[in-house]
1. Quick check, is Ala213 closer than 21 Å to Lys241 by Cβ and in the same structural domain as His114 (by TED's automatic domain parsing)?
2. Residues to consider are Lys98, Lys123; find the one that is over 19 Å from Pro214 (Cβ atoms), modelled with pLDDT of 85 or more and basic (Lys, Arg).
3. Quick one: what pairs do we get from the range 239-263, first residue farther than 12 Å from Ile228 by Cβ, second buried (at least 18 other Cβ atoms within 10 Å of the Cβ) and small (Gly, Ala, Ser), C-beta under 6 Å, 6+ apart or different chains?
4. I'd like the full set of residues that are among the aliphatic types (A, V, I, L, M) and in contact (Cβ under 8 Å) with a residue 24 or more places away in the chain, limited to the range 22-37.
5. From the list Val161, Val246, Val226, Val222, which one is over 20 Å from the mean Cα position of the chain (by Cα) and assigned by TED's automatic domain parsing to the domain that holds Leu97?
6. Counting only residues that are out of contact with any Lys or Arg (no Cβ under 6 Å at 6 or more places or on another chain), of a type in the set (S, T, N, Q) and surrounded by fewer than 23 Cβ atoms within 10 Å (Cβ to Cβ), give me the helices (runs of 4 or more DSSP H) lying completely in the range 147-263 with at least 1 of them.
Amino acid sequence: MGDKAGTPREPGEVQSVIKVLKILEALAENDKISLTDLSALVKSHKSTVYRFMCTLIDAGYARRDENDLYSSTLKLFQLGMCTFGRIDIVDEAMPVLKELAFLSEETVHLAILHYGQLVYLHKIESTHNLRVSMQSRIGSSAPLYCTGVGKILLAFQPQDVQDEYLRTCQFMRFTPKTICTRLGMEAELSKIRENGYCYDDEEHEAGVRCVAAPIRDYHGNVVASVSISGPTVRLDDEKMKSLVDVVVRSANKISQNLGWQSK
């Protein structure tokens, strides 16, 4: 059977596409996986899977680490960002994000944890003429340990997930205020859980401060985070404190839209 244009499709070509799709699905469902296990999951010979994996790695859709374990990259997610409006959390969050941006007049972010990496789902720029040029953009990633939305997401992960992250994290000092030790991060995460919000005090980008809060699903699990970011010249200590309630209320509104009920 040919396609709509009348071009016949070779059986081998169709099977190759199906195998690649199965490989991508297997990578998405597993954090890291060996070639042997991957071949077993997609029910194909190791040599065949290896050839496909080399192509996917070259194209930027997969990676192979020093232990010869394979994992997916964010490229598929980034391609899908053109239809991000279909993602439930963005749909439910959008009215609240717009309201938050209007009230604060600062930059607003919505982020999730995707296979251990922070990913920005949405961003609304500040309306002020004076704006800092932040590196964040929709579909991009940033470190968990030095961003407001990232620290929130990390703080509310299960303890074993936090321990593994802190054990393997290669801390980089982006600014003089970046927390670069495991002990320092453990204390910071404990404080975040106790307070229910967090600050990013020029920890990722010099001249940028941020207040962030967690978003929960109907089970009460933290599935995303929301933040207000702006330049230090506007976000002084007093202003930061005043924004806490605004951000937390907004996060709670989005959580309620997702089915969460506060006690």
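The values are calculated or read from the model by the stated rules, or taken from the named source; none is laboratory data. If you're wondering where the values come from, they're calculated on a predicted model, not measured in any experiment. With ideal geometry, Cβ positions are generated from the backbone for all residues, glycine too; neighbour counts draw on all protein chains shown.
1. Values: closer than 21 Å to Lys241 by Cβ: yes; in the same structural domain as His114 (by TED's automatic domain parsing): yes.
Yes.
2. Working: Lys123 fails: over 19 Å from Pro214 (Cβ atoms).
Just a single option satisfies the conditions, and that option is Lys98.
3. Ile254/Ala93
4. Let us first name the residues in the range 22-37 that are among the aliphatic types (A, V, I, L, M), namely 23-24, 26-28, 33, 35.
Correct list: Ile23, Leu24, Leu27, Ala28, Ile33, Leu35.
5. Checking each option against the conditions leaves just Val246.
6. On the way: elements: 148-155, 159-168, 182-195, 237-257.
Because the criterion is at least 1 residues that are out of contact with any Lys or Arg (no Cβ under 6 Å at 6 or more places or on another chain), of a type in the set (S, T, N, Q) and surrounded by fewer than 23 Cβ atoms within 10 Å (Cβ to Cβ), the helices (runs of 4 or more DSSP H) in the range 147-263 that meet it are 159-168, 182-195, 237-257.
For (1) under 22 Å from Leu189 (Cβ atoms); (2) at pLDDT 95 or above; (3) of a type in the set (Asp, Glu), each residue gets a yes or a no:
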position: Ala206; (1), (2), (3): no, no, no
position: Pro214; (1), (2), (3): yes, yes, no
position: Val223; (1), (2), (3): yes, no, no
position: Lys241; (1), (2), (3): yes, no, no
position: Lys253; (1), (2), (3): no, no, no
position: Asn257; (1), (2), (3): no, no, no
position: Lys263; (1), (2), (3): no, no, no
